[in-house]
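The values are calculated or read from the model by the stated rules, or taken from the named source; none is laboratory data. Keep in mind the model is a prediction, meaning the values are calculated, not measured. Cβ: placed from backbone, ideal geometry, glycine included. Neighbour counts: every protein chain shown.
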Amino acid sequence: KTYSKHAGLAHFVCFVVFIVLLMALPPVARAIEIDPELEEKFGADGITGYAIYFRAKANLSEAPKTGWKEQSEFVNKALQDTANQSQARVRSYLFNRRVPYRSLWKENIIIVDKSDRDTFQGLHYFSEIEAIRTGLKAEPKDSKKTEPANTTGATTTTNKP
C-alpha cells in the first residue's frame, strides 16, 4: 500500500510540474506568410524592398450611425490607433537598424524600401506580423516623410538613414 500511495503522489507531482512548465513556455506563434519571391530577390542582390502586413484589424463596429463626418473621424482614428499599436515594435526595430520604411495606417502595412537579409530574417520573430510580401513600391497619398531624428511615433512615417 505504501508503494501505491507514493506512486500516486509522484504521478500527481509530475502532472503538476508538467502543467506549470506548459504555462511557463511562450505561446506558439502563428507562422508568418513569407513571399517565396523575396528569397530569390535577396539571393540576387542581398538587398530588397518588401511590404509588411500586420494581423491587427481595427474594430469599426462601434462607428457612429450619424453623419459621414463623425463616421469618417471615428474610422480614421480607429485605423491610426490600430496601426500605432500593432506596428510599434517593428517600427522601432527598423528605425534602430536604420532601415528606410513607410508606415501606412489605413492598410496597417509598413513598406520597407530596402533592407539586408539579416533585417528581413529578424522580422520573422514578430508575432504581430501576418505576412511579408513583395510589392507596393508607389508613394502612397497618406504617407508623410520624416527624417529619423524627427520620428515621434507618427502613424505615417518614412524613416531614411
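Scanning region 87-125 for residues that are of a type in the set (Gly, Ala, Ser), under 15 Å from the mean Cα position of the chain (by Cα) and crowded, with 20+ Cβ neighbours inside 10 Å yields one hit, 103. Taking the criterion of being outside any strand (DSSP E or B) and over 23 Å from residue 43 (Cβ atoms), the residues of region 99-125 that qualify are 105, 106, 107, 108. What residue, of 7, 88, is outside any loop (DSSP other than H, G, I, E, B) and modelled with pLDDT under 85? None of the other options fit; the residue is 7.
Of the residues making up region 45-83, those that are closer than 17 Å to residue 127 by Cβ and surrounded by fewer than 16 Cβ atoms within 10 Å (Cβ to Cβ) are 55, 56, 57. Any chance you could count how many residues in region 27-75 are closer than 14 Å to residue 135 by Cα and not in a helix (DSSP H, G or I)? The number of residues fulfilling the criteria is 8.
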